[in-house]
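The values are calculated or read from the model by the stated rules, or taken from the named source; none is laboratory data. Just so it is clear, the model here is predicted, and its values are computed rather than measured. Cβ placement follows ideal geometry from the backbone for every residue including glycine, while neighbour counts extend to all protein chains displayed. Quick note on the areas: whole protein, heavy atoms, side chains included, nothing else; ligands and nucleic acids left out. Shrake-Rupley method; radii C 1.70, N 1.55, O 1.52, S 1.80 Å.
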Amino acid sequence: MNAASKYIKEFMLVDDRILHCVPLWKYRDLTKALKHRVDAIVDPLLAPNCHGWRNHYDVHTAVKRIEAMGGERLSCDITNFFPSINQKRLKHLVSRYDHHLWLDVEPFMPEGGYGLPEGCAFSPPLANLYLTALDDRWPEMTRYGDNIMLCCDNPAPKMDKLKRQLRDIDLFTHPMEADIFCKQRLTER
């Protein structure tokens, strides 16, 4: 039994998909309160090219940005994003802004040093925090959650460099068709 067993259910089947480390229902209000604390820290840090999991930025703003940018489009998806987040690196990022916040979210974290609790209210803004440095370095990038699109002339070498930077923070990608990225988002309008 792990230290977080009081707060989480290890496995939960949702729509034929297994979610790991899902917070127990009775802690829903606590996780929502923690989300507000995380949002207050993370939202001001996010670059304008980050559109997922944040206030006033959504799929529509991402698609508008992509439509307005010129050049070729090349996109990818971060593989197993939430389970791959390095908790030690995330703890360091969180501690820069609020030393006590990590103590409150840590009991919900999965064992093993990697991952965020799935289906938890504060996980998406923590995931955004994990990628803030990447967002700042890539103005030609549009990111919606764990989907990334580069819009520029000759994006292939830049995508290779971006993938190397993702590997440096323990994240990996797989290709995603640019048309699929845009069409899926455009149909949601």
**Message:** Based on Cα coordinates alone, diagonalise the gyration tensor for segment 27-77, multiply each eigenvalue by 5, take square roots, and list the semi-axes in whole Å, largest first.
**Reply:** 29, 11, 9
**Asked** Can you run phi through the Karplus equation (6.51, -1.76, 1.60; θ = phi - 60°) for segment 119-131 and list ³J(HN,Hα) in whole Hz, with x for Gly and Pro?
**Response** x, 9, 4, 8, 5, x, x, 5, 5, 4, 4, 4, 9
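Could you sort out which of 26/88; 35/91; 32/91 sit more than 21 Å apart by Cα distance in this structure? Mind showing how you got there, number by number?
On the way: 26/88 27 Å; 35/91 16 Å; 32/91 19 Å.
Cα-Cα > 21 Å for 26/88; rest within.
Determine Rg/Rh for segment 97-136; Rg is computed over alpha-carbon atoms and Rh is the Kirkwood hydrodynamic estimate from the same atoms.
Details: Rg = 10.8 Å, Rh = 11.2 Å.
Result for segment 97-136 is an Rg/Rh of 0.97.
Summarise the accessible area of segment 64-113 (1.4 Å probe, protein heavy atoms) by the percent that is carbon and sulfur.
Carbon with sulfur: 49 percent of the solvent-accessible area.
Could you give the dipole magnitude of segment 53-189 about its Cα centre, charging the beta-carbon of Lys and Arg +1 and that of Asp and Glu -1, in debye to the nearest 20?
Working: 18 positive and 20 negative charges, 56 e Å.
My answer is approximately 280 debye.
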**Request:** Using the heavy atoms of the protein chains and a 1.4 angstrom probe, tell me the accessible area per residue for segment 85-183 in square angstrom.
**Result:** 46 Å²
